[in-house]
Amino acid sequence: MNDYYWFCLDHVRAYNGSWDYYAGMGPEEIEKSVRSSVVGDRPTWKLGQRSASGRQYKFANGTRFDLFPDEVKAHVEARMGQAKRKAERDAEARARRKLSAEDKALAVLDLTAPVDWDTIKLRYKTLVKQLHPDANGGDREAEERLKVVNQAYSTLKRAAIA
């Protein structure tokens with residue numbers, strides 16, 4: 001590793017010209033070698049040629065094998081089904097659960113917990129500008145919505161002070 005050849009430029013060209021990695025290979029073999037080296041000589045597949053689950057592979061002789069046995073696949077699918085059902089039950093329970101006054105106030109401001117006070121103030125100011133009677137030509141519906149927003153902001157303000 002520590003031996004070096006010190007050549008002039010002409011001798012470098014002659015030395016490199018005599019060394020040919022692809023010597024004795026045909027054009028197809030050279031093309032295959034070049035394409036393989038692009039991906040680091042790792043196997044690749046055309047899009048859609050692998051199985052839908054991505055778990056099935058082939059030996060060099062064409063024999064297919066599954067990475068996981070059927071019992072393991074069935075167990076994993078059953079556990080995934082349980083997890084999905086649990087998530088659905090939890091979502092239903094959250095929907096049924098009564099919301100606290102603070103959660104209702106956040107919903108009026110179109111916010112979800114956890115949220116910091118600066119975000120609450122920013123959202124409140126934005127809604128006040130949108131719903132103010134002067135900005136809406138005295139629209140009664142916007143005025144009523146502004147009252148609800150003010151009440152929600154007061155609720156959150158009291159909760160923050162307490």
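Counted by Cβ distance under 13 Å from A87, the other residues give a net charge of +3, where Lys and Arg count +1 and Asp and Glu count -1.
Overall dimensions of region 69-150, expressed as equivalent-ellipsoid semi-axes from the Cα gyration tensor (√(5λ), whole Å, largest first), are 45, 13, 12. Of all alpha-carbon pairs in region 108-162, indicate the percentage at a distance above 18 angstrom. In whole percent, the long-distance tail amounts to 32.
Straight-line cross-link reach from K84 at under 23 Å between alpha-carbon atoms covers these lysines, not counting any fewer than eight positions away in the same chain: K73. Between region 70-93 and region 130-155, the alpha-carbon centres lie 45 Å apart.
Since every read-out is calculated from the coordinates, none of them should be taken as a lab result. In this text, all values refer to a predicted model and were calculated from it rather than measured experimentally. Cβ: placed from backbone, ideal geometry, glycine included. Neighbour counts: every protein chain shown.
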